[in-house]
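S.K.: Here you go, one structure.
The values are calculated or read from the model by the stated rules, or taken from the named source; none is laboratory data. All values derive from a computational prediction rather than experimental measurement. Backbone-built Cβ (ideal geometry, glycine too); neighbour counts: all protein chains shown.
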Number of protein chains: 2
Amino acid sequence: MAKRKSLRTDDCPVARAVDLVGDRWSMLIIRDAMDGISRFGDFQRNLGVARNILSDRLSALVEDGLLAVQPASDGSAYQEYVLTSSGESLFPAIVALRQWGERHLFAPGEAHSILVEKGTGKRVSAMLPHDHEGKVLKATHTVVKKLAAK
Amino acid sequence: MAKRKSLRTDDCPVARAVDLVGDRWSMLIIRDAMDGISRFGDFQRNLGVARNILSDRLSALVEDGLLAVQPASDGSAYQEYVLTSSGESLFPAIVALRQWGERHLFAPGEAHSILVEKGTGKRVSAMLPHDHEGKVLKATHTVVKKLAAK
């Protein structure tokens with residue numbers, strides 16, 4: 001199989017983003033890390049993914065600076081994978097995918113998980129892009145503009 | 001290669017979402033469709049992806065109800081791929097990935113594209129999840145809760 005084309009030097013931020021996390025397992029590892037999972041075995045059990053694939057994806061996420069490896073917080077011999085500041089900043093992307101999934105990929109009344117505020121238990125409300133007047137923006141209201149190097 | 005595990009019946013909306021769009025090309029096809037691209041050859045040229053991969057991803061997106069096929073708007077023999085309402089609703093996910101990419105994947109001053117409002121040219125501001133009091137929510141302020149079937 002040919003090596004995939006790299007999008008790392010693309011001038012579109014979406015292309016560079018999916019080059020790093022445009023992979024089902026990478027995104028679900030980030031989701032799990034946000035839920036507090038940090039050990040290889042726990043990721044493996046929760047995702048049901050093959051160990052070699054998990055190992056590959058964790059290494060890539062560390063190399064790309066989304067996860068950091070640190071000694072286990074309980075003093076055991078385990079390693080822990082924790083989100084870096086860059087990895088944590090993917091929260092809006094995870095929320096957006098979740099909210100799209102909630103709305104479009106479940107039958108009415110079908111069981112699914114929801115995201116709630118820890119303190120109050122209130123459901124996290126829909127996150128949408130807004131224009132400068134506070135109106136909801138759709139793709140058709142926007143345009144992509146190239147910005148030259150400074 | 002073993003067939004990938006299906007996440008389609010998972011009770012996590014993030015898992016179901018990445019089952020459909022957790023693939024670099026699928027997400028970039030959706031991005032291009034939001035930018036107005038609709039023909040096979042135009043997707044192919046813009047993405048630089050192999051025709052068989054593009055064909056496979058377009059078919060899957062049609063099958064999953066994110067794109068619809070229709071006769072060309074100019075009356076020619078071409079087919080056009082257009083976003084369905086479900087596909088259009090991925091706009092916040094694309095915006096979130098873009099904004100993460102803009103912030104974390106470019107060197108200071110490096111050339112990149114930005115998203116602006118069509119009418120005013122103003123840059124689309126950061127989209128973040130907020131709690132019920134309007135404060136920005138981080139992953140650590142939230143928790144995933146299972147919701148039973150109704």
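S.K.: Any chance you could count how many residues in segment B:49-68 are among the small types (Gly, Ala, Ser) and not in a loop (DSSP other than H, G, I, E, B)?
M.R.: Within segment B:49-68, residues that are among the small types (Gly, Ala, Ser) and not in a loop (DSSP other than H, G, I, E, B) number 4.
S.K.: Answer yes or no as to whether A:Leu61 is in contact with a Lys or Arg (Cβ under 6 Å, 6 or more places away or on another chain) and hydrophobic (A, V, I, L, M, F, W, C).
M.R.: It is false that A:Leu61 is in contact with a Lys or Arg (Cβ under 6 Å, 6 or more places away or on another chain) and hydrophobic (A, V, I, L, M, F, W, C).
S.K.: Somewhere in segment A:69-77, is a residue surrounded by fewer than 16 Cβ atoms within 10 Å (Cβ to Cβ), aliphatic (A, V, I, L, M) and in contact (Cβ under 8 Å) with a residue 24 or more places away in the chain?
M.R.: Looking through segment A:69-77, at least one residue is surrounded by fewer than 16 Cβ atoms within 10 Å (Cβ to Cβ), aliphatic (A, V, I, L, M) and in contact (Cβ under 8 Å) with a residue 24 or more places away in the chain.
S.K.: Out of (1) modelled with pLDDT of 95 or more; (2) over 17 Å from the mean Cα position of the chain (by Cα); (3) facing another protein chain (nearest Cβ under 8 Å); (4) not in a strand (DSSP E or B), the odd one out for A:Val95 is which?
M.R.: So the condition that A:Val95 fails would be (2).
S.K.: Give B:Leu7, B:Leu28 a once-over and let me know the one that is free of Cβ contacts under 8 Å to residues at least 60 places away in the same chain, crowded, with 18+ Cβ neighbours inside 10 Å and more than 14 Å from the chain's Cα centre (by Cα).
M.R.: Just one listed residue meets the conditions, B:Leu7.
S.K.: Something else: If a residue has to be more than 13 Å from the chain's Cα centre (by Cα) and at the interface with chain A (Cβ under 8 Å from one of its Cβ atoms) to count, how many in segment B:31-49 make the cut?
M.R.: Of the residues in that region, 2 qualify.
S.K.: Turning to a different aspect of this structure: Give segment A:39-66 a look and list any residue that's crowded, with 19+ Cβ neighbours inside 10 Å and touching a strand residue (DSSP E or B) at 6+ places or on another chain (Cβ under 8 Å), or say none.
M.R.: The answer is A:Phe43, A:Arg57, A:Leu58, A:Leu61, A:Leu66.
S.K.: Follow-up. Among the residues of segment A:115-150, what is the count of those that are within 30 Å of B:Ala111 (Cα to Cα), more than 21 Å from the chain's Cα centre (by Cα) and either outside any loop (DSSP other than H, G, I, E, B) or at the interface with another protein chain (Cβ under 7 Å from one of its Cβ atoms) (or both)?
M.R.: 18
S.K.: Only one of B:Leu90, B:Leu67 is facing chain A (nearest Cβ under 8 Å) and in contact with a helix residue (DSSP H, G or I) (Cβ under 9 Å, 6 or more places away or on another chain). Can you tell me which?
M.R.: The conditions single out B:Leu90.
S.K.: Still on this structure, please answer the following. Which of the residues spanning segment A:69-92 are assigned to a helix (DSSP H, G or I) and of a type in the set (S, T, N, Q)?
M.R.: Answer for segment A:69-92, where residues must be assigned to a helix (DSSP H, G or I) and of a type in the set (S, T, N, Q): A:Ser85, A:Ser86.
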